[in-house]
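Right, one structure below, let's go through it.
The values are calculated or read from the model by the stated rules, or taken from the named source; none is laboratory data. Only a predicted model underlies this, so the values are computations on that prediction, with no experimental measurement involved. Because the Cβ atoms are built from the backbone with ideal geometry, glycine has one as well, and the counts that use them run over all protein chains shown. What goes into the accessible areas is simple: the full protein's heavy atoms, side chains included, and nothing from ligands, DNA or RNA. Shrake-Rupley method; radii C 1.70, N 1.55, O 1.52, S 1.80 Å.
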Amino acid sequence: MGMKKSDKRETDAGISKSKAKREARKKQVQKAKRDAGIARVVGYVVTAVIVIGIVLLLGKQLYLMAIRTTPGTDYSAGLADDGRIANADLAGMLDLVDYKNISVPADEVAATEEEVESEIATTLESYKELSTDEQLVIADGDEVNIDFVGTVDGVEFDGGSSEGAGYDLTIGSGSFVDDFEQQLIGHKPGEEVSVEVTLPADYEEELAGKDAVFAVTVNGINVTPELTDAFVAENLADAEEVSTAAEYRAKVEDDIYQQHFQEYLKTYVVDHSTVKTYPKKYVKATKSLLKNADNNSEMKAAEEIAYEKELTQRAQEQVKEAMVWQAVFDDAGLAFDAEAYYNEQAEMMGEDYAKRYGAGYLAQGELKQMAIDYLIGLYQ
């Protein structure tokens, strides 16, 4: 007999459920395999990243070890005793500019009015004197000389007195507390002034914020002289070889012009000469000196790499300058007794000084100066 439809449906349902379970199980197994595969790939990637990171870190550390400069104090390292760079044939390492035919633009080396006035002001300032003229009146910006005694509740306190030694104070500088300085404006030399202030909150603990009274004696006002013929005749005639204010002003202008002119020549010769090859040992020695002078603390790797590059650049600039002046010295056929110069420096500056810098360094300084003097002499 055939199955009933109801029986067939039940059988089909049973088969369908069993098949569904098998399919679900199959999918679970496949998913587990996929997940395991993905996990392995991720693991490989993570491992690779870690390995690459370690390699990069080790590589960076190895690179740093290779380029890291050791600080040094041997000033004559890389130099011969005559001041020249040791074992360096500059003829093949440097293209020296035609230093005998430089055109100097007048507008670039002329003294400016501001420079002249500043130099004159500095000179006059060095001749300022304390005036006790009672007709003078203290104004903002004046430099006065005072004595003072400070009290709180009628009792003197430590640090509140000039001890009678006199104190130079520029009005408006803010050197003293509160409006101490402003209360002196309008007073004259010889006057006694009572100055009332409130001590600041960060003053000594027992006095902080308290009212204080300073008994001030105005000793005088420091007066800067004016540039006049009389002043020049009295103070500058012999030293500067001038007799009038106009002559002194002209001399100041010419002195500044000469400074600019010489700096232009020196800078031009160095900037327009070209280094083809640097003397490696001398660059390394120069880097050691520069790093010792920098006295840098520990840095991160990236910072240290950047620092070493900057250090190399600085050293090369310094070495280029040494190469240029040595080339000028040799091209001009200049000469000096390096041993005698060393002995002269040892006698004048002391044996410790000479030993500290060494024969090469001292001779190089003389060599450079002679080359510069020769260059300047070509244009005077």
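Looking only at the stretch 295-305, which residues are touching a helix residue (DSSP H, G or I) at 6+ places or on another chain (Cβ under 8 Å) and either closer than 19 Å to ALA322 by Cβ or free of Cβ contacts under 8 Å to residues at least 12 places away in the same chain (or both)?
Within the stretch 295-305, ASN296, MET299 qualify.
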Check on LEU169, more than 30 Å from LEU207 (Cβ to Cβ), surrounded by 12 or more Cβ atoms within 10 Å (Cβ to Cβ) and either at pLDDT 95 or above or out of contact with any helix residue (DSSP H, G or I) (no Cβ under 8 Å at 6 or more places or on another chain) (or both): no
For the stretch 218-254, which residues satisfy the criterion of being over 18 Å from THR122 (Cβ atoms), open to solvent by less than 40 Å² (accessible area, probe 1.4 Å) and either of a type in the set (Asp, Glu) or touching a residue at least 40 places away in the same chain (Cβ under 8 Å) (or both)? VAL218, GLY220, ILE221
Please find, among THR217, THR224, the residue that is under 26 Å from LEU130 (Cα atoms), hydroxyl-bearing (Ser, Thr, Tyr) and touching a helix residue (DSSP H, G or I) at 6+ places or on another chain (Cβ under 7 Å). THR224
Tally, over the stretch 177-192, of residues that are of a type in the set (Asp, Glu) and within 17 Å of ASN219 (Cβ to Cβ): 3
When only residues in the stretch 126-140 that are open to solvent by 70 Å² or more (accessible area, probe 1.4 Å) and in a strand (DSSP E or B) count, which is nearest to ASN235 (Cα to Cα)? GLU129
What about ALA110, is it modelled with pLDDT of 95 or more, open to solvent by 30 Å² or more (accessible area, probe 1.4 Å) and closer than 25 Å to LEU378 by Cβ? yes
Kindly provide the set of residues from the stretch 322-341 that are within 16 Å of SER76 (Cα to Cα) and of a type in the set (Asp, Glu), ordered by number. GLU339
Can you list residue pairs whose Cβ atoms sit under 6 Å apart, with the first residue in the stretch 91-105 being part of a loop (DSSP other than H, G, I, E, B) and surrounded by 11 or more Cβ atoms within 10 Å (Cβ to Cβ) and the second being of a type in the set (Phe, Trp, Tyr) and at pLDDT 95 or above? Count only pairs 6 or more apart in sequence or on different chains. ILE102/TYR268; VAL104/TYR264
Out of curiosity, is THR277 in contact with a strand residue (DSSP E or B) (Cβ under 9 Å, 6 or more places away or on another chain) and surrounded by fewer than 14 Cβ atoms within 10 Å (Cβ to Cβ)? yes
Whichever residue in the stretch 264-274 is open to solvent by 20 Å² or more (accessible area, probe 1.4 Å) and touching a residue at least 40 places away in the same chain (Cβ under 8 Å) and, among such residues, is farthest from LEU96 (Cα to Cα): TYR264
If I filter the stretch 141-164 down to residues being loosely packed, with under 12 Cβ neighbours inside 10 Å and under 37 Å from the mean Cα position of the chain (by Cα), which single residue comes out as farthest from PRO200 (Cα to Cα)? GLY141
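Per-residue answers, yes or no, for (1) over 26 Å from GLU117 (Cβ atoms); (2) in contact with a Ser or Thr (Cβ under 7 Å, 6 or more places away or on another chain); (3) of a type in the set (Val, Ile, Thr); (4) assigned to a helix (DSSP H, G or I):
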position	(1), (2), (3), (4)
THR151	yes, no, yes, no
GLY186	yes, no, no, no
PRO189	yes, yes, no, no
VAL197	yes, no, yes, no
ALA215	yes, yes, no, no
LEU227	no, no, no, no
ALA230	no, no, no, yes
LYS251	no, no, no, yes
Filter the stretch 199-213 down to residues that are open to solvent by 50 Å² or more (accessible area, probe 1.4 Å) and either not in a loop (DSSP other than H, G, I, E, B) or not hydroxyl-bearing (Ser, Thr, Tyr) (or both), then give me how many there are. 8
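Taking the stretch 357-380, which residues are at positive phi and either of a type in the set (A, V, I, L, M) or at pLDDT below 95 (or both)?
Matches in the stretch 357-380: none.
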